[in-house]
Amino acid sequence: MAAHVFRTLTTSGALALFSWTLLSSGAARGVSVTGSTTQQTNASNQPALPPRQVRLKSPTVPYVWLRSVTTELGSSVLEILEAQELCLRGSRGRPGSERDAFCAEGLFTDEVPKHKVFVSGFFMDRTEVRVRDYQSCVAAQHCRVLRDSEGAERFFKPDDPVSMVTWFEAQAYCSFQGGRLPTEAEFERAARGVSRPVEADADQTVWRARLFPWGDLYNSHASNHGSPALLPPLGVSDEQALASDPSDGFEEKAPVGSFPWGATPEGILDLAGNVAEWVYDLYAPYPKPSASNVGAAPLIDPRGPATTESGMRVARGGHYKSTAAWLRGAARQAFVAETRSPTLGFRCAHDRAWDPEKRTP
């Protein structure tokens, strides 16, 4: 066995390093490189073997860097009305009275007011944490064993996103990986990008971020989503009011990264659907504007309130039972921190020791 290393200049002038190992029963054969193929010969000048294509593939980086930005968190009144209409369109299978109750007025008002925030640069996991990733933390005795229940084995496939974990267990795993749960502001910044002018008239310019991780239009092929169940409306956080939709190719959870066309421009996957994701913040209404803070500087890296009466934590992104309105980047859900659900998972964020882009708004 012999290892060969070649250095060559790429078309851009950069130095590329090519390395592979040749296996043979005798002495290592000579290797000549022409373009993207290798030609093997031997010392006795026997006929050469046919050219062999060599494919060089970089491993997928598990983290994505998101630069520091000033953007807006939450929704405007107009965006709330659009979300309600999206909910009604996604609930056509329900009788009219139930549909109106399920998509009741005020359902998404916890997304207002829209407010400016500054989010420092950070790394975010490209995908949700997989079952196999979490099990490695269990094997290291840093994470609690996944709690099984009768008939729940199907939720623990190795490449599916891990679920059935509490907020505390998600936080413990991220700590084991040298990271943390992302804040609500970080998650929305990743899912929606940066606010941009989309409409203008003689009086004002309207600034909006993306509606979904992949863009402004809903695409049923871009996420593992759900549909309304034919049951009485039971509330936004009650999963019995929703059902999975196999038309996206999966009855329940899908292996992470199964919907590449739902990626953000930076390449982050599954920020909508599959499993909803715990974030760091305690759940509370956004701060209301007042005469004293109108036009104030943006909030810098908000982390939610220090305490709340309910102790509920925010989850973002929607899941495989969620309809389009809850797959929006601004949609919020809240759960008791001890909640375990097959529709609830997480991913981690990571800080860089030194951020060359570090700045303040």
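The values are calculated or read from the model by the stated rules, or taken from the named source; none is laboratory data. Small disclaimer: the values here were computed from a predicted structure and weren't measured. We place every Cβ from the backbone using ideal geometry, glycine too, and count neighbours over all the protein chains shown.
Per-structure values
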| read-out | value |
| --- | --- |
| The lone exception for SER149 - which of (1) closer than 17 Å to ASP281 by Cβ; (2) among the hydroxyl-bearing types (Ser, Thr, Tyr); (3) modelled with pLDDT under 95 it fails | (1) |
| Boolean, TRP207 is of a type in the set (Phe, Trp, Tyr) and either under 21 Å from ALA337 (Cβ atoms) or touching a helix residue (DSSP H, G or I) at 6+ places or on another chain (Cβ under 8 Å) (or both) | no |
| Among (1) within 16 Å of TRP278 (Cβ to Cβ); (2) under 17 Å from the mean Cα position of the chain (by Cα); (3) surrounded by fewer than 17 Cβ atoms within 10 Å (Cβ to Cβ), the one test that ARG144 misses | (2) |
| Only one of SER76, SER97 that is modelled with pLDDT under 95 and closer than 26 Å to GLU186 by Cβ | SER76 |
| Members of region 124-141 that are in contact with a Pro (Cβ under 9 Å, 6 or more places away or on another chain) and surrounded by fewer than 19 Cβ atoms within 10 Å (Cβ to Cβ) | ARG132, GLN135 |
| Test: residue in region 66-74 that is closer than 30 Å to GLN177 by Cα, in contact with an Asp or Glu (Cβ under 8 Å, 6 or more places away or on another chain) and without any contact (Cβ under 8 Å) to a residue 60 or more places away in the chain | no |
| Test result for CYS137, hydrophobic (A, V, I, L, M, F, W, C), in contact with a strand residue (DSSP E or B) (Cβ under 7 Å, 6 or more places away or on another chain) and within 21 Å of GLU277 (Cα to Cα) | no |
